[in-house]
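The values are calculated or read from the model by the stated rules, or taken from the named source; none is laboratory data. Predicted model, so just to flag it, every value in this text is computed and none were measured. Quick reminder, even Gly has a Cβ in these numbers, built from the backbone with ideal geometry, and neighbours come from all protein chains shown. With ligands, DNA and RNA removed, areas are computed over all heavy atoms of the protein, side chains included. Shrake-Rupley method; radii C 1.70, N 1.55, O 1.52, S 1.80 Å.
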Amino acid sequence: DKGNHRHFMQKEIYEQPVVVAQTLSSYLRTLEARVALPDMEFDLGSVERVAIVACGTASYVGAIGKYWIEQLARVPVEVDVASEFRYREPVLGPNTLGLVISQSGETADTLAALRHMKACGVTTAGIINVPTSSMAREVDLLLPTHAGPEIGVASTKAFTCQLAVMAALSANLARAKGRLEAAEEARLVRHLTEVPAAMNAALSHDAEIEGMAHTIAGARDVLYLGRGPDYPLALEGALKLKEISYIHAEGYAAGEMKHGPIALIDESVPVIVIAPSGPLFEKTVSNMQEVQARGGKVVLISDAEGLAQAGEGALATIEMPKVHPLIAPLVYAVPVQLLAYHVAVAKGTDVDQPRNLAKSVTVE
Ligand code: M6R
C-alpha cells in the first residue's frame, strides 16, 4: 500500500526517519551511551581485516563502511562487488571477517561470494534486510536491518538502514580493538541518535528539490562529486539517477575531476556536489570552483556554514542540517534520493519498475 504517496519509492524515502530510528534502536544503548551488536560466537577483537562484498547500492554501503571502519577501528578493509570477488581469487587470510550486505539476501553473486568465503573458513557476517533469506540463514552473524519490505526497485530505505548498522558495526569493532574510548563512543551514539531528526529536516526540502528537477531532467549527463565517505554517496546518487530516470550519470571522487572527467564539463552538464562542512570541505569546494569556471552548473548540497562560504554562483543549493561529517552520508542520502525521484517523475518514467531491472537479481 502506497498510502498517500504516488510511488513506493517516494513512500520509502519518507519512511526513512522512522525505519532508521528502528534500526538504530536495536544497535544503540542510548542510556548507557554504548553501541551494541547481537551476541556472537567469535571474538570481534581478533578481527584483523574485513572483506566486504555486495552489489549495487549495497556495495556503496560497503565503500562508506571502509572509511568508517578504517578511521575508527584502524582495521584494513577491502570492498568488492560480488561479481568480481567471486572470480578474482581473493586472498582471504586468517582473522578476516567476511561481510556481505544485501537488502534481499538473495542476490546470486553475493550469495555465491558468501559461500566461497565460508568454504575458505572465513567467519562471516551479513547486513541483511530480509530475515528469512538465504544469506540471513547462512551467515555466522546476522546483523538485521529493520527497513521493512522495500518494494521500489531503486533502493532507498534499505540503503540508509544498512548504513546505520554499518556505523554500529564500525564502532563495535573499534571498541573491541581498544580504539574507542567511552567518551568518544558516547559522542558517536549521540550523533547517530540525531540522524532521524536530521533526515526529517532533509525531507523538508522536498518541494525545492522538485522545483530544480525539471532543469536536471533536460540534461544528457549529470555528474556527482564527493570526498571521503561522501564519495561513495556520489556513486549512489549517480546510480539512483541512472536507474530510474535513464539519464547518464557518473559519480567521482571530487579530487579525480582534473584527472579526466573535467573534460566533460560545459554549460549543459549539471554537477551535484555533496559537501558537508568539515575537514574535507575546502578541498571539495576548490574542485567545484574548477567546474564552475568551465561553465558547469553546480547544485551544492551542504549545511548553512558550507553554503554561506561557497553557495554563491551555484545553480541551486540544498541546505542540510549540520551533522557530524562522519555520519553525513546517512542524511545527505535523502536529497540525493529525492532528486533522482523527482527527475524520474518529471521524465515520466516508471519509477517503481524501471525498464530492464528486477528488484532481486537472483541470476548471475
Ligand atoms: O538485494 P541486494 O541488496 O543484494 O541488491 C543489490 C543490488 O541489486 C541493488 O542494490 C541495486 O543496485 C538497486 N536497484 C539499486 O537501487
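Laid out as a table, the results:
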| read-out | value |
| --- | --- |
| Residue among Asp303, Asp352 that is more than 16 Å from the ligand (Cβ to nearest atom), within 26 Å of Gly62 (Cα to Cα), under 21 Å from the mean Cα position of the chain (by Cα) and acidic (Asp, Glu) | Asp303 |
| Single residue of Tyr60, Tyr67 found to be within 10 Å of the ligand (Cβ to nearest atom) and not in a loop (DSSP other than H, G, I, E, B) | Tyr60 |
| Filter result for Ile101 (assigned to a loop (DSSP other than H, G, I, E, B) and either of a type in the set (S, T, N, Q) or within 13 Å of the ligand (Cβ to nearest atom) (or both)) | no |
| Inter-residue pairs, beta-carbon under 7 Å, first more than 19 Å from His205 (Cβ to Cβ) and in the stretch 288-315, second of a type in the set (Gly, Ala, Ser) and surrounded by fewer than 19 Cβ atoms within 10 Å (Cβ to Cβ), 6+ apart | Gln292/Gly313 |
| Evaluation of Val153 against (1) open to solvent by less than 20 Å² (accessible area, probe 1.4 Å); (2) free of Cβ contacts under 8 Å to residues at least 40 places away in the same chain (one fails), failing number | (2) |
| Filter result (assigned to a loop (DSSP other than H, G, I, E, B) and in contact with a helix residue (DSSP H, G or I) (Cβ under 9 Å, 6 or more places away or on another chain)) within the stretch 182-209 | Glu194, His205 |
| Extreme residue, nearest to Gly126 (Cα to Cα), among residues of the stretch 43-57 that are within 17 Å of the chain's Cα centre (by Cα) and open to solvent by 10 Å² or more (accessible area, probe 1.4 Å) | Cys55 |
| Criterion violated by Thr123 - all others in (1) open to solvent by 10 Å² or more (accessible area, probe 1.4 Å); (2) under 26 Å from Ala238 (Cβ atoms); (3) of a type in the set (Val, Ile, Thr) satisfied | (2) |
| Qualifying position, being among the polar types (S, T, N, Q) and within 16 Å of the chain's Cα centre (by Cα), among Thr145, Thr124, Thr110 | Thr145 |
| Residue count for the stretch 210-261, restricted to those that are within 16 Å of the ligand (Cβ to nearest atom), surrounded by 24 or more Cβ atoms within 10 Å (Cβ to Cβ) and in a loop (DSSP other than H, G, I, E, B) | 0 |
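A quick yes/no check of all residues on (1) in contact (Cβ under 8 Å) with a residue 40 or more places away in the chain; (2) among the β-branched types (Val, Ile, Thr); (3) more than 20 Å from Val153 (Cβ to Cβ):
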{"position": "Val61", "(1), (2), (3)": "yes, yes, no"}
{"position": "Val81", "(1), (2), (3)": "no, yes, no"}
{"position": "Glu89", "(1), (2), (3)": "no, no, yes"}
{"position": "Thr110", "(1), (2), (3)": "yes, yes, no"}
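So that you can scan it fast, the table gives a plain yes or no per residue for (1) near the ligand (Cβ under 9 Å from one of its atoms); (2) over 22 Å from Ser83 (Cα atoms); (3) not in a loop (DSSP other than H, G, I, E, B):
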| residue | (1), (2), (3) |
| --- | --- |
| Ala112 | no, no, yes |
| Leu143 | no, yes, yes |
| Gly148 | no, yes, no |
| Arg179 | no, yes, no |
